[in-house]
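The values are calculated or read from the model by the stated rules, or taken from the named source; none is laboratory data. Keep in mind the model is a prediction, meaning the values are calculated, not measured. Using ideal geometry, Cβ is built from the backbone for each residue, glycine included, and neighbour counts are taken over all protein chains shown. Ligands, DNA and RNA are excluded from the accessible area calculation, which covers all protein heavy atoms including side chains. Shrake-Rupley method; radii C 1.70, N 1.55, O 1.52, S 1.80 Å.
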Amino acid sequence: MAVLEQRGLTTSRDRTGGISLVKKWIVDTLEETLTVGDRTMLGMPEDSRTSHQLEGGKGRHVVLITYKGVEVETSPDNERWSGELKFREDPIETHPFLDELLARYEGTIEEGRVVWPQFLSGSGKASGGGLSGAAKTKQAVNPMFGAKTWPILIGQVSRTYVRKSFPPDLLDKPGTVLERLPGNSGIQTPDGYVWLTQLPKFDQQGPEGWTLGENYDLVPRDGYLAILYGLIKRR
């Protein structure tokens, strides 16, 4: 039986401009699963192929060939943004207003760690006579008792887009500290925070075209991460 080209070509295009085509073939032999089909389609090279043998099909194999490429470069309005915010627990010793907390809640520092008393002094109130007839003082529980960490708002945002050629400055960006995100994301920077540029992701789409991903971490402006990133040596 001859090699059969099947109907039902599947095409897809995402908002960033990446294109994917999937062509289906049926062949008789295992060797043909590796040789059937064109190396390019609409100027886009083969990206991958998969095959499986039909049950009861006299040994025939179904081959799916995927071609990938880039239609046009992504405009700022068509970049894809995603991300999430969450809380990270940091040691209470790193709190920017630690001195005020220590004074208000009577904490002390012992061997580099904060210790909070269970009750606050000078806040007791006389109550009842009890069995002895004498008034007793009820101490106020310290709300900071047992506190070892405090929550910090953090997050990560990703930017995905495509380019006809690899951006010459992409690998110079990691480690930079940004007051605001690039492009037209519309994502605001909270007061007291900055964005740390992380290592990018990139995937070649044919001989001409790249799908690119840039990642940014949201951290406190005065936190140790922002300070350390600011010390990264740039050429």
Residues in the range 205-224, backbone N under 20 Å from the label point at S48 (7 Å along the Cα-to-beta-carbon vector): list them, ranges by number please.
205-213
For a quick check: with amide H placed at 1.01 Å from N, whose amide H comes under 5 Å from V194's, ignoring anything fewer than 5 positions away on the same chain?
V219, R221
Which percent of the accessible heavy-atom area of the chain goes to carbon and sulfur, probe 1.4 angstrom?
53
For the chain, size of Cβ-based charge dipole, Lys and Arg +1, Asp and Glu -1, in debye
400
Determine the gain in length on full extension of the stretch K24-V141; use 0.36 nm per residue of separation and subtract their C-alpha separation, reporting nm with one decimal.
34.9 nm
Could you give the length gained by full extension between T94 and Q156, i.e. 0.36 nm per residue of separation minus their alpha carbon distance, to one decimal place?
20.2 nm
Are there any GluC sites (Glu not before Pro) in the range 172-235 that are in a DSSP loop and have at most 14 other Cβ atoms within 10 Å? List them by number.
E179, E208
Round to the nearest 0.05 the FRET efficiency obtained for S12 and K86 when R0 = 25 Å and r is the Cβ-Cβ distance.
0.20
Run the numbers for D172 and E73: contour at 0.36 nm per residue of separation, minus the present Cα-Cα distance, in nm.
33.6 nm
Simple spin-label estimate for S121/Y224, 7 Å along Cα→Cβ, in nm, reads 3.2
For the chain, what does the accessible surface come to per residue with a 1.4 Å probe? Please give it in Å².
65
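With r defined as the distance between the Cβ atoms of I187 and S165 and R0 fixed at 30 Å, what FRET efficiency is calculated, to the nearest 0.05?
It comes to 0.65.
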Take T66 and D203, extend 7 Å from each Cα along the Cα→Cβ direction, and tell me the distance between the two endpoints in nm.
0.7
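Too long at a 24 Å Cα-Cα cut-off: which of K173/K201; K86/K164; K24/K68?
Going by Cα-Cα distance, K86/K164 fall outside the 24 Å limit.
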